[in-house]
Amino acid sequence: MPTYEYECEKCGYRFEKFQKMTDPPVKVCPECKSRKVKKLIGIGGGVIYKGPGFYTTEYRSEEYKKKEKEEKQALSSGSSSSCSSCNSSGCSTCNK
Ligand SMILES: [Zn+2]
């Protein structure tokens, strides 16, 4: 579950809250009970991932790119085994 960071504009109290993505944001300061709480938007859009199973967006996108590249390589190597430009044996492109 992501951690959201909040700051009270009235008393300056900063706190983090574990919330589901679908949970409504905190509106009332737990310290002074004012409604001046704002969600801090920083690196990662105010969302901090903590603990095992959670990764930063950067890491996840890198993993995604890596996987995508591997899939593309697997695809291209698979297509090279069946050459569309020839039907004869001894083709240098498809090694048939
Ligand atoms: Zn406050």
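Report, by residue number, each residue of the range 12-30 that is part of a loop (DSSP other than H, G, I, E, B) and either in contact (Cβ under 8 Å) with a residue 60 or more places away in the chain or surrounded by 14 or more Cβ atoms within 10 Å (Cβ to Cβ) (or both).
Those that are part of a loop (DSSP other than H, G, I, E, B) and either in contact (Cβ under 8 Å) with a residue 60 or more places away in the chain or surrounded by 14 or more Cβ atoms within 10 Å (Cβ to Cβ) (or both): Tyr13, Gln19, Val26, Cys29.
Tell me which residues, restricted to the range 12-33, are away from the ligand (no atom under 14 Å from the Cβ) and touching an Asp or Glu at 6+ places or on another chain (Cβ under 7 Å).
Glu16
All of the numbers you see were taken from the coordinates with simple rules; none came from a lab. What you are looking at is a predicted structure, and each value in this text was computed from that prediction instead of being measured. Methodologically, a virtual Cβ is constructed for each residue, glycine included, from the backbone with ideal geometry; neighbour enumeration extends over all protein chains shown.
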